[in-house]
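Nothing in this text is a laboratory measurement; each read-out follows from the coordinates by a stated rule. This one's a predicted model, so the numbers in the text were calculated from it and none came from an experiment. Here the Cβ positions follow ideal geometry from the backbone for every residue, glycine too, while neighbour counts run over all protein chains shown.
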Amino acid sequence: MCGIAGVVSSAGVNPELVREMCEVITHRGPDGEGYHVEPAAALGMRRLAIIDVDGGQQPVSNEDGTVVAVFNGEIYNFPELRRELLSRGHRLSSSGDSECLVHLYEEYGDDLVHRLRGMFAFAIWDRPRQRLLLARDRVGKKPLYWHADHSSIRFASELKSLLLDPAVPRDVNLVALHHYLTYQYVPAPWSITEGVRKLAPGHLLVWEGGTAEVRRYWQLDSTPRPVADERAEEERLRELLLEATRIRMVSERPLGAFLSGGIDSSAVVAAMAMQTSERIKTFSIGFEDPRFDERGYARSLAKHYGTDHHEFVVSPDLLDMLPRLAWHFDEPFADYSAIPSFYVAQLSREHVTVVLNGDGGDECFGGYRRYVLAARSVRIPTAPPSVAPVLARLGARLARRHSQLLRRRAGRALQYLSLPTPRRHAQLMSSFTSEQKTWLYSESLRSRLREIDSHTLLDDAYLSSKAGTDLARILDVDVNTYLPGDLLVKVDTTTMAHSLEARSPLLDHELMEWAAGLPVDLKVRGGETKRIFRRAVASWLPDELVTRPKQGFGIPLAAWLRGELRELAFDTLTDHTARTRGYFRPEAVRQLLESHQKGASHSGRIWALLQFELWHRAHEHTAATCSAP
């Protein structure tokens, strides 16, 4: 696990700049550094040593030094790849996974990505062809930013590395801001900075002859397959989960697991316990508010398997870390579960260097309650074109003007039913609606973004899905948008902030491909979510964990914003600095804050505005400092 950065330029490179780009991401790799420098290319990395601790230095190269690579991630099938490469006559000087990349490139060219099972972002410099290859793993576990002009390209694991280069624009990308306010994250390929792009999951970038070409190499195929024996599929799920967990337990550094008390992380811990004689270290986060506290369920699983269990309680007086969190995220990020994620990573790093988690189970197996709503609503046809606008206007009026909760909910339901299926899902996934953003924006921002519809991102994902039903398409949409844009960014950022590697067995691409072909009624049936997954792992877990309803990894944010965080929100969002940025109408921001204090539910929207402002303040001087606040 590492952080990587580099510059390729026909006009020559500055090696000192690449060193600075790596220094600013030392948290990703505190165990060492390495550089490759030549007239047209400089590649660098910071290393977090996990496998081949003594010998796995980077950059790596082939036998004659004509192909060089820097790599961030883990390749779990590297033992098989090494045996294959040795049988083909390649000479390997280390015993880890990084060196496989350059030799696989010699054998397969860009198609080497299809040979890899793991999480990765890497750069391969082909010196004879003066060609740079960038690649990101299929699902989007590891990040990769890039910026190109007519003569050069720069890349890095984090945006802050690129912003150390004076040639990289620093203006806010207004379209990215527009999408952020809808989804609470900046979706790839945009970044919050004008001119900088994120390489999307499952994509390659080739830089050659001054031109960057981006292409997709993998997309989850959700074409349904027939299932004759449900019990046989449950057995196959157990086999795949055990294998995906086993290959992720290879480590020369201490290893443990996040344990939320939900079925996904519990199943992963169970799969670990069944494949080791060592006592597993588990880590949980809790809250004083019992509505958000899952520690009791986590303790039940920890007791069941005799784990070495550790807990931490998050309270609002700990949130003075918010500027530090904003610095690490590089872009505004408003999923407030980043706070407990940050603290569980900090707790875990005191004991281990690697953790396994349950990420991906909800998207792959239908775990969110919104899927039950979607399954029921798809039976209700979209209102005819002549009726839909009337329903939408009436619903908006009820939702906006009535103080009674029941009438507001009725208004939102009318708005929901006036929409086609993909737009219904988009509405559920939105923090600010299009109308709310129009109300919030300053006149100049409103005019510049008038024609931009953030919901087309989900429309495109829905239409490109090969799934056989509307509900299955919605799961596909989340795999391609919410999972990589929100959940995986959150976990990668908060763990790497503490030099901790996170591994996700349920995001093994072979397991995901198998799960994608299951009929959707094996995932969501009636009011039951994650049907086949629950049944497959039921014998591994205490009964109360199998039958309990899903509880999100949330925090009591609404109450905190009316109490301990009220002053922070008002001071940050209404001071002179925030008012004069020119993005939002000051009176609209204040109205939102005051309405929340009176009992309306605006916590997510306020949090999105607060995180945008905190991001602005944390990164205004990125080029001048390499230190986190």
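One table, with the values for the structure above:
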| read-out | value |
| --- | --- |
| Two-site label geometry, S93 and L428: point separation in nm, points 7 Å out along Cα→Cβ | 5.4 |
| Cα shape, region 42-146, gyration tensor, a/c 1.5 rule | rounded |
| Loop-resident sites, region 35-114, for trypsin sites (Lys or Arg not before Pro), counting at most 15 other Cβ within 10 Å (DSSP) | R88, R91 |
| Gyration tensor over alpha-carbon atoms, region 84-183, equivalent ellipsoid semi-axes in Å | 32, 17, 11 |
| FRET efficiency, R253 to L318 (Cβ-Cβ, R0 30 Å, nearest 0.05) | 0.65 |
| Burial ordering of K281, K198, K466, fewest other beta-carbon atoms within 10 Å first | K466, K281, K198 |
| DSSP beta bridge pairing in the chain, given as percent antiparallel to the nearest 5 | 75 |
| Calculated FRET efficiency for the pair L394/T469, C-beta based, R₀ 35 Å, to 0.05 | 0.75 |
| Low-density loop positions, GluC sites (Glu not before Pro), region 265-325 - DSSP coil, at most 13 other Cβ in 10 Å | E278, E288 |
| Convex hull projection area averaged over all views, region 556-629, Cα basis, nm² | 5.5 |
| Calculated SAXS-style log₁₀ I(q)/I(0) at q = 0.10, 0.18, 0.19 Å⁻¹ - region 445-579, Debye, Cα scatterers | -0.59, -1.27, -1.30 |
| Within the chain, helix-based [θ] at 222 nm, where runs of 4 or more DSSP H residues each add -39,500 (n - 2.57), nearest 500 | -12000 deg cm²/dmol |
| Qualifying GluC sites (Glu not before Pro) in region 422-513, DSSP loop, other Cβ atoms within 10 Å at most 11 | E451 |
| Order of S191, S595 - criterion: other Cβ atoms within 10 Å of each residue's Cβ, fewest first | S595, S191 |
| Amide hydrogen neighbours beyond the local backbone of G286, cut-off 5 Å, H modeled | F312, V313, V314 |
| For A502, residues with placed amide H under 5 Å, excluding near neighbours | V355 |
| Within region 37-51: backbone nitrogen closer than 13 Å to the E16 label point (7 Å, Cα to C-beta) | none |
| Amide H contacts under 5 Å for H309, placed H, 5+ residues apart | T282 |
| ³J(HN,Hα), Karplus 6.51/-1.76/1.60, whole Hz, each residue of region 323-337, x for Gly, Pro | x, 5, 5, 4, 5, 5, 6, 6, 10, x, 8, 10, 6, 6, 6 |
| Rg to Rh, two decimals, where region 2-216 supplies the alpha carbon set and Rh follows Kirkwood | 0.96 |
| Neighbour-count order for M119, M249, fewest beta carbons within 10 angstrom listed first | M249, M119 |
| Segment D229-R525, length gained on full extension (0.36 nm per residue, minus Cα span) | 104.9 nm |
| Gain upon complete extension [R617, D52; 0.36 nm per residue less C-alpha separation] | 199.4 nm |
| Inter-label distance for E213 and L373, nm, one decimal - labels placed 7 Å from Cα along Cα-to-Cβ | 4.4 |
| Tail fraction, Cα-Cα pairs, the chain, threshold 30 Å, whole percent | 55 |
| Full-stretch length increase - E587, E288 - with 0.36 nm per residue and alpha-carbon distance subtracted | 104.2 nm |
